[in-house]
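Reading through the C-alpha cells given below for one structure.
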Amino acid sequence: MTERQAKRAVFVALLFALFNEGRAWAEEDAQDTRIAIQRRRFNMAHELRLSLGSMPVDAFQKGWTGSLSYTQHFNNYFAWEVVQVTAAALVSTNLRDNLIDTFAVPEEDFAAPRFMATTGLELTPIYGKQAFLNDDVIYQALIVGAYGGVIFGDRGGIGDTLGDFRPSIGGGIGYRLYTSDLVSFRADIRDFLSFRRAIQTNETLRLENVLFITLSVSFNLWRDDA
Amino acid sequence: MKRTASLIWALPLGALLLGAAPDDAPATDPPAAPADAPADAKKADKSAIDAVKDAASGKAAAGVAAATDVNPEKSRRPAAPPETFEEGLTAFYADDYPLAASLMYDFIATNEDTVDNYEWAEFFLGVSLSRLGFKHGAAEYLYNVAKNRSKPEILPDALLEIEALMQSPHDEALLVDKLITDSDFGYLPLAVADFVNYYQGLEDLRAERTAWAERLFGRIRKDSSYKAKALYALAVQRLRRNSSSDAVRLFREALVHPAADRDLRNQARLALARVLYENQRFKEARKIYDSVEVPELSTAEASLYLEKAWTAYFLKDYRRTMGILYALEAPSYREYFGPEKFLLRALVYTNLCHYIPAKREIRRFRFKFGPTLHNVRNRIDLREDEVLRTAAFSRGAVGRLAAFRKLLTNEYDLIDTMGGSWLEVGLDDQLKRIYELKMKQTEIRLEGAARKATREVAEELVEFEEQMYLLDYEVGLAIYRRLRKEDARRPSEADDLTIPWSGKKAYYTFTEEFWNDELPTYDFFVENRCFDEGVQE
Amino acid sequence: MKRLLLPLTLVGLLVPTLASAADEDELESGRVIAVQPRPFHLVHEFTVSAGVLPLDAFYTGFSLGGSYTLHLSDLIAWEAISFHYSANTGTGLEGELARRWSVAPTGDPEVQYLVGSHVILSPMFGKFTLFNRSILEGSTYLGIGGGTIRYSDGFRPQLSIGPGLRIFVGQVVSTRLDIRTTFAPDIPSGLEVVLHVTLSVSFNFGSVRATESFEEEEVDETTGFEALDELYPLSNPEGVRRSPGSTSEEEEK
C-alpha cells in the first residue's frame, strides 16, 4: 500500500467513525438527563430539495437560479449533501448594459456563473421550536455547511461555458422550517470563493466571490420511523 | 369513586413500607399491590412487611449466597519476596493502582496466608480494585480482610472501604448478611461503629427485635448521618405498627437532622407527603410532594409523578392530572410499570364526562396488557413475560439484585481493558473467575426472586384489570344517566381554556416531542362536558 | 422509483400541518400544552450593533451603531431610535472597469449613516437546543419603521422592514440578528434598496414596563407541614420548624 493509499484509508476510516459516532449519538439514551429532547418530532433521512434562488453580488449580471439537490442525513446532526446542481438565468444590470451599449464591450466578457455543481457536509447543531402567538408551534433548525465543487461561467455557447469551469469552495448557513414529516422549507445563504481563470486576453486569474441565496422546499424520504 | 379512593390510599402506605430503609430501596419504590378495602389494605401491608423481611435478609436468595473463594490455588510461580509487597505499596501511594493491584495479587497468590503482610496485601488489593472501578472484586478481598480479622488494626479501614462500596449496587448477602450483621467486630472507631451499629440495628428492626434495634441505634452518635437514617428506619417501623404520630415525629426528626443527606431528606418528605395523602390532606400533600427531589428521568421520578397525579386527581385538578400522565409517556419512563396510568386517565375522562375517551383508555389498557394478562391466565411461567419481568426487576430487592447483576457485567467487561502486568500475574484470570462465579450465583438468586416478584406484579395487574372492568361498566351507566338540575356543577377556573397571545407564560402545544424541561409543566386543555348551571364560581 | 414518485405526488402536503392543527381525535379529548413561565422580561433595551451593507456593486459598508428599545409588552416594542454609521470599502469593481475596459464610472452616492425608529412585533417565542444538550430561549420578531439615511450627497427619507432573531443569554444580555431592507427614494431617478444585516448585543434594564403596574404577587407561603402540626401536634421536632418551601440546595448550604 502506498503512503497515499494509506492516508486515504485512514481518512475514510475517520469519516466512517465520525458518522457512526453520530449515528450512535442520534439514538440518544432517553434517560440521559443531559439531553434536552427525548424524542425529536422531526428526523431527516433522505432529503430531496428543489430550490429557487439568486446570485446577487455580480455587478454585471444577477443570476436567478433553480437547483436540485440530494442530501443524505446520517443522523440529526450530520448530513452529506451528495450533490446540488444549479442553473442560472442571467439578467443584465444597468452597468453591463451601459458597458455594452456605450463602450461596445462584448457580451461574453462578463461570464457570470451559469451552472454550478457542488457537494458538501452539513451540520445541524441547533434545533428548536417557537410558538406563534402562543398557539401554533413552528419547528426550526439551523444548518451550517462546507461545500465544494465547480462553477461554470457563462460564455455564450454551451461548449465554451463548460470550458470555463471554476473550482470553488465555500461555506454556508441555512435555516429549516419543518411543516410536516415529509416537507420542510429551507433558506440558505452560501458564499463561494471561485477560482476564475483567465480565458480572454483582458482577464486575469482571480478569486471571485459568489454569494448564493436560495429558498427551497425539501422532501424528506424513506425515513426509518415512517 | 369511593372504591378508587380506598384503592389509592393503600398504595402509598404499601410503597412506604417497601422502601423500609434509605439504603435498601429507591426513594419511591413502586406502590404495593392495590387493595380494595381496609382488609385488603392490611393484606397489602403484610405483603409489604414480608417484602421488607426478605429484602433485609436476602432470603429471596438464601442458600446460594456465599462469598466467592478469592483465595486462589497458590501459583506455581516462586513465592514473591517481601519486596513485591513494598513495591506494591509504593505503586499504591503513587496512585498507580493497576500496578499496585497486580503486585499485591502476585504477593498473595504466591505466598501462604501466614506470611507477613498477607492481610495488608489483600487490603491494598481490594482498595486498588475499588479505585479502578472493580467494586465487586474489591468487596470480595475487603470482605476477607474484615471477616478474618487476623489483623485487627486493618479492620476499621477495611470497613470504611466497604461502607463506600455499599453506596453503589453491591452483594448484600455478602457484605450485609454475612459480614456486618453476622460478625462481632469488637471495638471500632466511632465513625465505623456508627455504620456497623446502623446495619446491625436495621437487621434487628426487620426481624422485629425492636428493643435490640433501638439499643444499637442508640449507640450511634447524635451527629452521625447514620443517626438520621436510624430515625428514618424507626419511623418506618412505627408506621408499620400504625403509630402514625410517632412515625411522623421521627420522619420529621430525620428530615431536620443536620447530618441527613439529600436522599434521606427526600425520602422523609416523600413519606410525610404520603401520610398526608393517607389523611386525605391532598392540598398539603401536594406541597410536600412538590418539594421532593428524585433523580431526573428515573423510575423513581415516574413513581413520584404518578403519586402527584393521584393527588391532583383527588383535588379535582384534572388538567394537571392529565398533564402529569402525559409526561409519564416520555421514553425515559418506558420501563416504568404503570397500569394505573390508564385507570387514572379513564377516571379523569369520566369525571369530565368524556365517556368515549374514557372507554378508549380502557381499551388501551387491554391492548397494552392483554398479552400479559393472557399469559397470567394461561399459567405460563410468569418470569417469561417481558412486561412482568421488567416491572419486577425494577423494584425493591429484586431491582437491587438486578442492578448488582448489571454492575457485575459491566465490571467483567472492564477486566479485558486492563492487560499489562495483570496478565503476567494472572489477576485478570482470577477476577474473571470471581465475577463469573458471582454472576452465576446472582443469576440463580435473581431467577429465584423473580418468581415471587413477577407473581406480585401479575396480581397487581389482575386487580387493575378488575378495576378497569368495573370502570367500564360505570362509564356505560354514566352515558345513559338522566341529567337532573340539582346535579348541575358550577363552572370553575379550570373551565377557562383561553390562551393569551402573549404574557408571562409561553404555551407550547405538545406534539409527541418530549422536551425534558417541559415534563413537569404539561397542562391538559380539555372542555368539561358535564352538565353545568352556566355560572362561574 | 415508485417510492420516489409517491411523495412527490403528495405535493398537497406542502400546506403546513402545524402543531396546533388538532385532529378530530384531539378535539374529542383535549390537548396537552406545556405552559412555562417566560424566563426573560425585556423593559429598557440598549443595543450595540455591528453590521454590513452588502448589496451595492461598488462598495461594501461595514456599520457600527446602536439603538434604544422600549418594550411595551412581550408582543410589542418601540425601537425609539437607532443609529448606524457605515464605513465603506470599495469592491474592486472600479479597478476592474478601468483595467479591462478603461472605463471610469461616475461616483454614486454612498450611505454614510442611517437613523430610524421602528415598531418591533415579537409574535414568536421559543427555544432551541444546541446538539440536544443545552436549551437556548429566543424570539423572532419583525421590525417596521422609517427614518432617514445620510448619503454622501445629502439626506433621504427611508422606510425599512425586516425580520430579526433574538437569543437570550440571560435576563440582562441577549444577542440579536437583524436583516432589514431599507427603501430610500432617490428622486427623481428611482428607489434605492439597501440591505442592512446586523449582529447585536443587547442589554436590558428595568423590571416593570411602562404599561404594567407593579403588583406584588400573592405567594402561598404554606409548606404542607402545617397540616402535619395540626394532625399530629406532637410531631414537630422541638424548636425546629421547617422553613417554608426550602429546597435541598438551600439546605445543603
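No value in this document is a laboratory result; all are computed from the given coordinates. Since the model is a prediction, treat every value here as computed from it, not as a measurement. In this analysis, Cβ positions are derived from the backbone assuming ideal geometry, glycine residues included, and neighbour counts consider all displayed protein chains.
Couple of notes before you dig in:
- Student exercise, the range A:151-226 dipole from Lys, Arg, Asp, Glu Cβ charges, in Debye to nearest 20: 180
- Stretching A:Phe103 away from A:Asp160 to a fully extended chain increases their span by 18.1 nm, per 0.36 nm per residue minus the current alpha-carbon distance.
- Positive-end ranking of C:Tyr151, C:Ser67, C:Val115 along the dipole of the range C:44-205, with charges on Cβ about the Cα centre, is headed by C:Ser67.
- For chain A, the relative contact order comes to 18 percent (Cα pairs under 8 Å, sequence separation of at least 6).
- Taking the centroid of alpha carbons for each part, the range A:157-176 and the range C:63-90 are 37 Å apart.
- Label point at B:Glu296 placed 7 Å out along Cα→Cβ; residues across the range B:490-531 whose backbone nitrogen lies under 11 Å: B:516-519
- Cα gyration tensor shape for the range A:161-218, rounded if a/c is under 1.5, else prolate or oblate: prolate
- Shape call, the range B:370-424: gyration tensor on alpha carbons, a/c limit 1.5: prolate
- Contour excess over end-to-end distance, with Cα ends at B:Leu483 and B:Lys222 and 0.36 nm allotted per residue: 87.7 nm
- A Cβ-based charge dipole, computed about the Cα centre of chain A with Lys and Arg at +1 and Asp and Glu at -1, lands at about 380 debye.
- Assigned charges on the beta-carbon of Lys, Arg, Asp, Glu; the range C:44-205 dipole about Cα centre (debye): 400
- Taking amide H as placed 1.01 Å from N in the peptide plane, C:Tyr113 has its amide H under 5 Å from the amide H of C:Ser86, C:Arg150, each at least 5 places away in sequence or on another chain.
- The range A:165-178 - phi-based ³J(HN,Hα) in whole Hz, Karplus 6.51/-1.76/1.60, Gly and Pro as x: 8, 10, x, 9, 10, x, x, x, 10, x, 10, 10, 10, 7
- Other protein chain Cβ atoms within 10 Å, averaged over every residue that makes up C:146-156: 0
- Proxy reagent accessibility, fewest Cβ within 10 Å first, across B:Trp310, C:Trp78: C:Trp78, B:Trp310
- Per-residue HN-Hα couplings for the range B:132-142 [Karplus 6.51, -1.76, 1.60; θ = phi - 60°; Hz; x = Gly/Pro]: 8, x, 9, 5, 6, x, 4, 4, 5, 6, 5
- Two-site FRET efficiency, B:Gln167 against B:Gln280, from Cβ-Cβ distance with R₀ of 30 Å, rounded to 0.05: 0.20
- B:Asn242 paired with C:Ala80, simple spin-label distance in nm, labels 7 Å along Cα-to-beta-carbon: 7.3
- Rg and Dmax [Cα atoms of the range C:44-205; Å; Rg one decimal, Dmax integer]: 18.0, 58
- Vicinal HN-Hα couplings computed from phi for the range C:49-54 (Karplus, 6.51 cos²θ - 1.76 cosθ + 1.60; Hz; Gly/Pro x): 10, 10, x, 9, 10, x
- Average other protein chain Cβ within 10 Å of Cβ, residues A:53-62: 2
- Shape call, the range A:47-221: gyration tensor on alpha carbons, a/c limit 1.5: prolate
- Counting Cβ atoms of other protein chains within 10 Å of each residue's Cβ and taking the mean over peptide C:219-229 gives 6.
- Per-residue extension of 0.36 nm, minus the Cα-Cα distance of B:Thr114 and B:Phe367, leaves a gain of 84.5 nm for this segment.
- Placed amide H near B:Ala260: partners under 5 Å, 5+ positions off or other chain: none
- With Cα atoms, 0 to 90° folded angle of helix A:3-26 axis to chain A main axis: 50
- Per-pair calculated FRET efficiency, R0 = 30 Å: A:Ala87 and A:Asp136 via Cβ, rounded to 0.05: 0.25
- In this rough spin-label picture, where each label sits 7 Å from Cα along the Cβ direction, the B:Lys440-A:Gln200 distance is 8.8 nm.
- Descending by average beta-carbon neighbour count within 10 Å, the peptides B:466-473, A:124-131, C:174-181 line up as A:124-131, C:174-181, B:466-473, the highest first.
- When the range B:398-462 is described by a simple charge dipole with +1 on each Lys and Arg Cβ and -1 on each Asp and Glu Cβ, the residue from B:Leu423, B:Val398, B:Val462 located farthest towards its positive end is B:Val462.
- Calculated FRET value between B:Arg209 and C:Leu231, using beta carbons and R₀ = 30 Å, to 0.05: 0.50
- B:Lys504-C:Val219 pseudo-label distance in nm [points 7 Å out on the Cα-to-Cβ vector]: 1.2
- Amide N of the range B:119-135 lying under 12 Å from the label point, which is placed 7 angstrom from the Cα of B:Leu160 along Cα→Cβ: none
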